[in-house]
Structures are given as structure tokens and as C-alpha cells.
Amino acid sequence: MTNRLDAIPDILLMGPGPSAVHPDVYRALARPTLGHLDPAFIALMDDTKGLLQQVMRTRNHVTFPVSGTGSAGMEAAFANLVEPGDRVLVLVNGFFGQRMTDVAARLGAVVETVAFDWGTPVVPDVVKPKLAGPPYKVVAMVHAETSTGVANPVADVGALVKPAGALFVVDGVTSLGGMPVEVDGWGIDAFYSCSQKGLSCPPGLAPFSLSDRAVARLLARKTKVASWYLDASLLVNYWEGAKRAYHHTAPINMIYGLYQALLNVMTEGLDAVFARHRDVHRQLVAGLEKMGLELLVRPECRLPMLNAIKVPAGVDEARVRGRLLTEHKIEIGAGLGPLAGKVWRVGIMGHAARAENVERFLAALKAVL
Ligand SMILES: *Cc1c(COP(=O)(O)O)cnc(C)c1O
């Protein structure tokens, strides 16, 4: 029987995620699997938590990777903080803000939204009057809206949310490891991300953190957290303390991979990592402009890690993506929702954010167009 693994092509991942995995991370994944209560594994868990705190810029003691992808992090944030009937405000300017409304509504929240056009950022002055009305339990937003390439002003919204008494939930799935994230500095109460975008690990884990304020609200719930698997008040007994209690078997080797990925980020240094992303973004934009291509988002709120390029009139966008993949071994993403068929989404995330990759992509796109 043929082994399909022998036929896996070597693709340069420059879409909205997953991103190119760092070779050190592949080596980490191949280390021997330990028991989930082995002292050597528990020491590695402790260091993983410490590294997560550094990369997220938080002192939150409830900080660990949720077993699951970024969406599991999203579910965990809402499941722990929301009880049926709670009022939740979601700021929506793209696909992932919309997903938050669905997740919160399934938990029985009374969801309201403030909507902004896709491709434009959340505007704090538009949100402000909403927060002057009846109080919300949770206000939620996406930091880096991967569906459009917009960076949202999390710090400015955070400054409005805290005085309003609400808990502030932020999706950092695409921002973590690519641009500054300040969980404590921005007043974030629940933060989640993923392993496979800015951190250059395979998909499977969702870095997650709760503030002390959020933990106090979690412990004061009237109802049990609807998800047993994602209940942070149970998970914390495995992730900290002298006596580690089994909850579910940790994805041991994925945690090795995440640990190595975080170590890589902290060894390079957060500022150097962010500067590398900014530099290759500028290089990409300059190259695209030279080819006469335009970006969807105006320059002051563009994400370095996710670039939405307008598909020129008369071009078959799916055919271009197909040829990039088959002829040039480069994957880029299509538009989502109202942007389907209108943009390409080019990711320069984590390990892939290098000048030679941008050059290779620009040359390939030019050849295909
Ligand atoms: C990718 C992404 C998600 C979902 O993460 P998965 O790992 O695909 O589950 C959520 N929010 C944002 C902003 C994303 O980019």
C-alpha cells in the first residue's frame, strides 16, 4: 500500500493560516511522548505557561494552552464567562467577529453587535455610547481580523470597557507573535490565540488567559460552565499547584511544539519579531504597488501579517490561487463572506515572514498574472 505521507508536497504556506512550521518545532514534536503527569512534562508545562505570559504580556496565573484550535479558545472564553441571559456586546468588522456572536448566542447570551464595514476598523467613538446604556457582562472584539487584514484598536476600546464594568474578551488568534499584544496593559479579561499563525506551530492548541477579575466572575457563576472540557476552573487544577489533577490527557507532543515555538519567539525577542513582520509587510506592499495591485485596507490600520489584495478586474482569482499552488508551491487564501472572489489573502506570519519568501511570492504572482 502506498503511504500518502510520502506524497505530501512541500508548500510555502502564505495564506491566512496555518503558517510555515519552524524546523525546531518539527524536531520538538518528534521527542518521545511522556505521561501527562511525568515530572519532566510538568516542568515543561510550567515553562510553557511562563513563556505564554511573556508573549501575551500578562501576569495572569490562569494562562495555559486550551486543547483545540483557535476556535476552541473562542469557545473557552465565552463558555467560562457567559451564563444564559447575560448581555454580550460584540464589535463586528469581519468573519471572526461574526463567529463570536454565534458562539455567544449558543451559550444563551443576549447578543448585541456594533457593526463596521468589512475592511474598516472598529471605531471606539461609535462604541462609546453603547456602553453608556444598560450594562453588558462581556464586550468582545477581534484584534487582528484575518478575514480583511484590519488591525482593530484594542487598547482604545479596552479603556472604555473597564469603566463600564464589563469583562473584555479579545481574539488574538492572528495577532499573537506578529504584532504587539498587551493583555494586562490593555485591560483584557479573556484572551485567546492559536498555535498555527504567528507562532509557526501546527494547528491544535489555543493559548488562553483569564484576568483575576474574570476568574472571580467565573467562580461566582450561578450555573456550571456549559462545556465540561473547556471549564477553566477545572483545567487550572492540572496547569498549576503542587498536586496536579488529571482532567483530560494533554496533547503532550503539541505542547512540546508550542513550547519550542514560544522559546523561538522569546529568543529572537518580541521587538525583533514585530520589526521583522513590519519589514516584510512593507516589502510586500511595495512589490504589489509596483505591479499595479491595491490593498483592501487603508495603510494606517493594516495588519503586517495578513494582506488582503484586491483582485484586478477580469482576473479569475481561483485560477491564480490554483496555479500558485500547483506551479509555484505557494498557498495563499481566498476572500471570505462578502469578500469572496474580491480579494486574495496573503499571510506573512511567524517563521514565513522572511524577505526571501516575499520575493518568491511576488515573482510567482507576477508570472501567473
Ligand atoms: C483563524 C482564526 C480563528 C479560528 O481559529 P482556528 O484555529 O481556525 O479554529 C479565530 N479568530 C481569528 C481572528 C482567526 O484568524
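For all pairs of alpha-carbon atoms in segment 67-220, what percent lies in each bin of width 5 Å, listed from the first bin to the last filled one?
Pairs per bin, as whole percents: 2, 10, 21, 24, 24, 13, 5, 1, 0.
Cα extents of segment 129-232 along the three principal axes, largest first, in whole Å?
39, 35, 23
Given 10 °C and 1.306 mPa s, compute D for segment 207-332 with the Stokes-Einstein relation, Rh being the Kirkwood radius over Cα pairs; round to the nearest whole µm²/s.
Estimated diffusion coefficient is 81 µm²/s.
Under the Karplus relation 6.51 cos²θ - 1.76 cosθ + 1.60, θ = phi - 60°, what is the ordered set of whole-Hz ³J(HN,Hα) values for segment 132-142, x standing for Gly and Pro?
7, x, x, x, 9, 6, 9, 10, 10, 8, 9
Determine the gain in length on full extension of the stretch residue 123-residue 290; use 0.36 nm per residue of separation and subtract their C-alpha separation, reporting nm with one decimal.
57.0 nm
How far apart, in nm, are two points set 7 Å out from the Cα along the Cα-to-Cβ line at residue 329 and at residue 213?
5.0
Could you give the Stokes-Einstein D for segment 38-128 in µm² per second, using the C-alpha Kirkwood radius, 20 °C, 1.002 mPa s?
139
If you average 1/r across every pair of different Cα atoms in segment 154-209 and take the reciprocal, what Kirkwood value do you get, in Å?
Result for segment 154-209, one decimal place: 11.7 Å.
Let me see the pair-distance distribution of the chain: every alpha carbon pair, 10 Å bin width, integer percents in order.
It works out to 5, 25, 32, 25, 12, 2, 0, in whole percents.
Compute a Gaussian network model of the chain, connecting alpha carbons closer than 10 Å, and tell me which residue from 246, 26, 256 fluctuates the most.
Highest fluctuation among the options: 246.
Hey, what did segment 173-290 get for relative contact order, percent, Cα under 8 Å, at least 6 apart?
26
Quick one: what are the phi-derived ³J(HN,Hα) couplings along segment 163-176, Karplus 6.51/-1.76/1.60 with θ = phi - 60°, whole Hz, x for glycine and proline?
x, 7, x, 8, 8, 9, 9, 10, 8, x, 4, 9, 7, 4
Obtain the nm distance between the two label points defined at residue 229 and residue 267 by a simple spin-label model: each point lies 7 Å from its Cα along the Cα-to-C-beta direction.
3.3
Provide the packing ranking of 151-158, 295-302, 196-203, i.e. peptides ordered by the mean count of other C-beta atoms within 10 Å per residue, highest first.
196-203, 151-158, 295-302
Per residue, how large is the accessible surface of the chain? Use a 1.4 angstrom probe and give square angstrom.
Averaged over the residues of the chain, the accessible area is 42 Å².
Starting at the first residue of segment 15-26, write each ³J(HN,Hα) from the Karplus equation 6.51 cos²θ - 1.76 cosθ + 1.60 with θ = phi - 60°, in whole Hz, x for Gly and Pro.
Running phi through 6.51 cos²θ - 1.76 cosθ + 1.60 with θ = phi - 60° gives x, x, x, x, 9, 4, 7, 5, x, 4, 6, 4 Hz.
Sorted by mean Cβ packing within 10 Å, highest first, what order do the peptides 233-241, 338-346, 88-96 take?
88-96, 338-346, 233-241
The values are calculated or read from the model by the stated rules, or taken from the named source; none is laboratory data. Being a predicted model, the structure only gives us computed values, none of them experimental. Methodologically, a virtual Cβ is constructed for each residue, glycine included, from the backbone with ideal geometry; neighbour enumeration extends over all protein chains shown. Only protein heavy atoms, including side chains, enter the accessible area calculation; ligands, DNA and RNA are left aside. Shrake-Rupley method; radii C 1.70, N 1.55, O 1.52, S 1.80 Å.
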